[in-house]
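The structure follows.
The values are calculated or read from the model by the stated rules, or taken from the named source; none is laboratory data. Keep in mind the model is a prediction, meaning the values are calculated, not measured. Neighbour counts are summed over all protein chains in view; Cβ atoms, including those assigned to glycine, are modelled from backbone coordinates with ideal geometry. Please note that ligands, DNA and RNA were not included when accessible areas were found on the heavy atoms of the full protein model with its side chains. Shrake-Rupley method; radii C 1.70, N 1.55, O 1.52, S 1.80 Å.
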Amino acid sequence: MRWQSHSMQLATPSRQFWNWGPLIFSGFYFLPLVNTWHKVSTFNLIMQVVIYLVFVGLYAVALYQRGARVFPILVLMFSVCSIGSFFTYGTHSMFGFIAYFCGFSFLFPFNLLMLALLLAVVGINAVLILPEISYFYLGPAGLLSIGLFAFGWMEQRERVHRKKEKQSQEQLEQLAAIAERERIARDLHDVLGHSLASIALKAELANKLLLSNQTERAQSESAQVAQLARELLSEVREAVSGLKAKGLRAEVDSTESLLKSKAIDVEIELDEVALNAKQETTLAMVLREATTNIIKHSSAQHVSLKLWQEQNNVHFQISDNGTCQLLKFGNGLNGIKERVEALAGDINLSTGKNVTMTVRLPV
């Protein structure tokens with residue numbers, strides 16, 4: 001039923017009250033006991049409590065199910081409410097919770113079919129199980145279900161809208177980063193072209209002056225060459241500081257070329273993952289530091305690069321078959337560790353048959 005649902009779960013970590021707060025209204029389930037307390041048997045009372053607890057448990061499970069995975073939980077909730085109707089007509093207050101899930105978890109028009117199924121179950125319960133009070137049972141259950149279904153549907157549309165806005169913002173950030181890198185590259189080309197041409201001309205002039213024994217003028221030209229070189233170095237440093245924000249794919253290509261030049265075999269498995277510009281840049285810097293360590297400190301002959309996504313986490317793994325007796329965090333590793341942790345991620349380093357670094361970033 002993938003085409004009939006989305007991948008969102010109803011529960012949100014930042015809104016715990018709204019995850020569990022609606023259960024306050026489930027207290028209406030016990031409202032009929034106010035008038036029928038003296039008539040209810042002990043067995044009936046126990047069953048009402050058991051049914052309520054089972055329903056709340058299923059609600060808790062359904063909160064954290066994504067898309068179509070919530071469907072079997074809702075079927076169980078349907079069944080529990082139907083069975084509960086044999087013991088109390090208070091179950092009419094429970095169907096609204098199911099309707100909210102129907103509106104939120106499924107796409108149009110399948111969510112409307114789910115609502116129609118729910119109302120049909122309510123009608124069957126009213127006619128077959130509670131015929132004496134069918135209208136009293138059917139009315140509140142139907143109105144609550146339709147109303148909460150609408151709220152669930154609106155919540156789905158709002159979250160989809162927020163998700164699209166976030167994706168658009170991330171795309172804008174990535175495009176801005178790419179545009180900035182291209183601008184810096186153009187500036188760097190212009191700076192190098194002009195300055196290096198000037199340095200070459202003055203160096204040639206200084207050489208000619210020396211050959212013609214014009215020492216003072218040659219020294220003056222040499223001093224100007226040194227000054228131009230210092231100015232160029234400063235300009236290059238400013239430009240390179242912007243170029244360091246390199247894309248992960250470009251960094252992988254550069255790493256592959258570098259390692260192969262050192263006679264190191266490279267295996268690459270990169271899945272399509274959801275990364276924003278900051279996360280991609282951070283992983284590129286992780287790869288750069290790991291590559292430096294492999295070349296300097298490892299006798300590896302094989303390096304493996306893997307990138308994949310599991311639900312809300314992206315994993316980037318760099319593994320080599322070099323030997324390492326003791327792992328120490330120097331300035332380089334501490335630097336990338338801080339960058340990863342700033343993005344709420346973590347780094348795991350392990351040794352054994354292979355030396356493996358695995359980075360996890362939430363997305």
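According to a simple spin-label model (label point 7 Å from Cα along Cα-to-Cβ), what is the distance in nm between Ser168 and Leu113?
3.2
Now a separate question. Once the principal axes of the Cα atoms of the chain are found, what is the range along each, listed largest first in whole angstroms?
The principal-axis extents, from largest down, are 122, 44, 32 Å.
Assuming 0.36 nm per residue, please report the length gained on full extension of the stretch Leu63 to Ile83 beyond their Cα-Cα distance. List each step's numbers first, then the result.
Values: separation 20, 0.36 × 20 = 7.20 nm, distance 2.21 nm.
Going from the current span to full extension adds 5.0 nm.
How large is the convex hull of the Cα atoms of the stretch 59-143 per residue, expressed in Å³ as a whole number? Don't skip to the end; give the middle numbers.
Values: hull volume 6.7 nm³, N = 85.
Roughly 78 Å³ of hull volume per residue.
Using the basic label-point model (7 angstrom from Cα toward the beta carbon), what is the Ser299 to Met154 distance in nanometres?
The answer from the label model is 7.0 nm.
While we're here: In deg cm²/dmol, rounded to 500, what helix-only [θ] at 222 nm does the chain give when every DSSP H run of at least 4 residues adds -39500 (n - 2.57) and the total is split over its residues?
-21500 deg cm²/dmol
Before I look further, what does the chain give for accessible area per residue, probe 1.4 Å, in whole square angstrom? Walk me through the numbers on the way to the answer.
Numbers: 21070 Å² over 363 residues.
Result: 58 Å² per residue.
Looking at the chain, identify the longest residue range that excludes and avoids all chymotrypsin sites (Phe, Trp or Tyr not before Pro) in DSSP loops having at most 15 other Cβ atoms within 10 Å.
Numbers: sites that count: Tyr64, Phe86, Phe329.
With a cap of 15 other Cβ atoms within 10 Å, the longest stretch comes to 87-328.
Hydropathy first: keep DSSP H helices in the chain averaging at least 0.5 on Kyte-Doolittle, then drop any whose Cα extent along the axis falls short of 18 Å, and list what survives. Spell out each step's value before the answer.
Working: long enough: 42-63 (32 Å, 2.07); 71-84 (20 Å, 2.24); 110-124 (21 Å, 2.67); 134-211 (114 Å, -0.20); 215-243 (41 Å, -0.31); 248-261 (20 Å, -0.33); 277-297 (30 Å, -0.20).
Helices meeting the span and hydropathy rule in the chain are 42-63, 71-84, 110-124.
Ok, one more. For the stretch 111-156, just list the percent of Cα-Cα distances falling in each 10 Å bin from zero outward, please.
Cα pair-distance distribution for the stretch 111-156, in percent: 29, 49, 19, 3.
Would you mind telling me which residue in Leu270, Leu287, Leu196 has the biggest mean-square fluctuation in a Gaussian network model of the chain, where springs connect alpha carbons within a distance under 10 angstrom?
Highest fluctuation among the options: Leu196.
At R0 = 25 Å, how high is the FRET efficiency between Ala263 and Thr351 if r is their beta carbon distance? Nearest 0.05 is fine. Present the calculation step by step, with values, prior to reporting the outcome.
Values: r = 23 Å, r/R0 = 0.91.
Efficiency at R0 = 25 Å is approximately 0.65.
While we're here: Accessible surface of Asp271 in the full protein assembly, 1.4 angstrom probe, to the nearest 10 Å²?
90
A further question follows. Between Arg217, Arg288, Arg157, find the one with the highest GNM mean-square fluctuation for the chain; connect C-alpha pairs within less than 10 Å.
Per the Cα network of the chain with a 10 Å cutoff, Arg217 tops the list.
Still on this structure, I have one more. Relative to the present Cα-Cα distance, how much length would full extension add between Ile146 and Val54 at 0.36 nm per residue of separation? Kindly include the intermediate steps, with their values, before the conclusion.
Working: separation 92, 0.36 × 92 = 33.12 nm, distance 2.35 nm.
My answer for the length gained is 30.8 nm.
Right, something else. Treat every Asp and Glu Cβ in the chain as -1 and every Lys and Arg Cβ as +1, leave all other atoms uncharged, and give the resulting dipole magnitude about the Cα centre to the nearest 20 debye.
Working: 33 positive and 31 negative charges, 105 e Å.
Magnitude of the dipole: close to 500 debye.
A further question follows. Using a 1.4 Å probe on the protein chains only, how many percent of the accessible area of the chain belongs to carbon and sulfur? The partial results should precede the final answer.
Details: 12770 of 21070 Å².
After summing per-atom areas, the C and S share lands at 61 percent.
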